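To start, the structure under review is shown below, and the notes come after it.
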Amino acid sequence: MILNEEQTLIRDMVRNFAQDRIAPNAREWEANEAFPPEIFAEMAELGLMGMVAPAEIGGSEIGYVGLALALEEIAAGDGALSTVLSVHNSVGYGPILKFGNNEQKEKFLAPMVAGEKLGCFALTEPHTGSDASALKCRAKRDGDHYVLNGTKQFITSGKIGDTLIAFAVTDPDKGGKGISAFIVPTDTPGYIVSSLEHKMGQKASDTAQIVFEDMRIPAENLLGEEGMGYKIALSNLESGRIGIASQCVGMARAALDAAVEYAKERVAFGKPICEHQAIAFKLADMATQVHAARQMVLHAASLKDADQPCLKEASMAKVFASEMAERVCSDAIQVFGGYGYSSEFPVEKYYRDVRICQIYEGTSEVQKIVISRAVING
Ligand SMILES: CC(C)(COP(=O)(O)OP(=O)(O)OC[C@H]1O[C@@H](n2cnc3c(N)ncnc32)[C@H](O)[C@@H]1OP(=O)(O)O)[C@@H](O)C(=O)NCCC(=O)NCCSC(=O)CCS(=O)O
């Protein structure tokens, strides 16, 4: 895909920001297991917190291709920060953008796209991830409120986030059609961060278990109508998956760039290792795979910008990019030899950070369910 002038400008602007402000600090944020709060204000200043939202509610209207390019650049700086940004710009405020009424947009969406409130999304539960309609979390109507009880698992930004889209069963007899979606301010009494995961990578981004304990949510925070929750969840996961695929391209590209630089400097058998065909061909394969994944991501994103169906393309981009990225990051470690395994160099972090991309926001196996259905049923 050939980028237009605006898309090129966005990519270059975010690349400069990521290389100056994010990449040099990513190790420190990882050690602290936290981001400095001002990083979100800085990204908001650049229009990155409302990239797919219209200007009339304060969004930057950059679109999905712009978002994919931005996420690639942020991920090349730090995978963890790109996850938080991707979740915010897709499943975080996307459901309100698509299904919210005017009051909900004014009250919840506007502060999110301005970067004043951070978005998060809670579908997964301890006993169910892929089988997403098997939720146990309950929402019972009580006058002009719903009372939510249950546990949500692996929630990105569950601790630092401000506005959560939560899915809960309102009618247990109706399966997927008995699930509803709610806008939950995370300072609501009964919203409890019960634990934080200790992860292999992406440590600066919090991944929380959340317990809803008699959490009372005003009925006006119901998103769409009762029973629409599963549809709302699945339709927004599509853009989330393009976001995760973009991150994979970013982390893999960063690993490739690091491997190329190292291979030009490291000498073995009397010449730089990039002049040995074993390494040169490995770099060629890595570059080819990154390029192919980027094109798939940009294609899915451009369909989304054109408001065309892209369920299959989003899933294809995610499964391909996430599996490609693990291979490329592993190959980068191989190019570095023993140093690649050391935290003295960045490639071991890319490898750790990228592994989860084959799991969150729909495993590779779930993507293959979606793709195979589209291939078989048309
Ligand atoms: C495995 C699954 C794909 C199985 O899906 P189902 O067969 O149960 O669902 P469907 O019958 O296909 O769809 C139900 C309903 O939704 C409509 N739908 C589906 N996709 C879309 C779409 N892209 N756009 C619009 N509408 C859509 C579909 O037409 C049906 O509507 P009708 O009933 O016909 O009216 C699925 O369960 C699945 O994807 N599982 C994986 C879930 C997943 O990715 N979980 C991770 C969530 S991330 C999280 O919670 C952690 C927080 S994080 O930090 O993000």
Scoring only Lys, Arg, Asp and Glu (+1, +1, -1, -1) among other residues with Cβ under 12 Å from the Cβ of Asn102 yields -2
Under the Karplus relation with 6.51, -1.76 and 1.60 and θ = phi - 60°, whole-Hz ³J(HN,Hα) for the stretch 30-47, x at Gly and Pro, equal 5, 5, 7, 6, 6, 9, x, x, 5, 5, 6, 5, 5, 5, 5, 4, 8, x
Amide H contacts under 5 Å for Ala114, restricted to residues at least 5 apart in sequence or on another chain and with H modeled in the peptide plane, are none
With only helices counted (DSSP H, runs n ≥ 4, each -39500 (n - 2.57)), the per-residue ellipticity at 222 nm for the chain, to the nearest 500, works out to -15000 deg cm²/dmol
With every protein chain kept in place and a 1.4 Å probe, the stretch 1-57 has an accessible area per residue in Å² of 55 Å²
With N residues in the chain, Rg(alpha-carbon) / (2.2 N^0.38 Å) equals 0.99
Residue-normalised value, i.e. accessible area per residue, for the stretch 280-378 at 1.4 Å probe, in Å², stands at 48 Å²
Karplus-derived 3J(HN,Hα) from phi for the stretch 269-285 (6.51 cos²θ - 1.76 cosθ + 1.60, θ = phi - 60°), whole Hz, x at Gly and Pro, runs 6, x, 8, x, 5, 5, 8, 8, 4, 4, 7, 4, 5, 4, 4, 4, 5
Residues whose built amide H sits under 5 Å from the amide H of Met51, excluding neighbours closer than 5 in sequence, are Ser60
To the nearest 20 debye, the chain has a Cα-centred charge dipole, built from +1 on Lys and Arg Cβ and -1 on Asp and Glu Cβ, of 1020 debye
With a 1.4 angstrom probe the carbon and sulfur portion of accessible area for the chain, in percent, totals 52 percent
HN-Hα couplings for the stretch 368-374 via Karplus (6.51, -1.76, 1.60; θ = phi - 60°), in whole Hz with x for Gly/Pro, come out as 6, 4, 5, 5, 5, 4, 5
Residues whose modelled amide H sits under 5 Å from the amide H of Ser194, counting only those 5 or more places away in sequence or on another chain, are Gln209, Ile210, Val211
Of all stretches in the chain that avoid GluC sites (Glu not before Pro) placed in a DSSP loop and having at most 16 other Cβ atoms within 10 Å, the longest is 226-343
Among chymotrypsin sites (Phe, Trp or Tyr not before Pro) in the stretch 243-347, those in a DSSP loop whose Cβ has at most 13 other Cβ atoms within 10 Å are Phe269
Of all DSSP beta bridges having both residues in the chain, the percent classed as antiparallel (nearest 5) is 85 percent
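The values are calculated or read from the model by the stated rules, or taken from the named source; none is laboratory data. Everything numeric here is computed off the predicted structure, so don't read it as measured data. Quick reminder, even Gly has a Cβ in these numbers, built from the backbone with ideal geometry, and neighbours come from all protein chains shown. Keep in mind that these areas ignore ligands, DNA and RNA; they rest on the heavy atoms of the full protein, side chains included. Shrake-Rupley method; radii C 1.70, N 1.55, O 1.52, S 1.80 Å.
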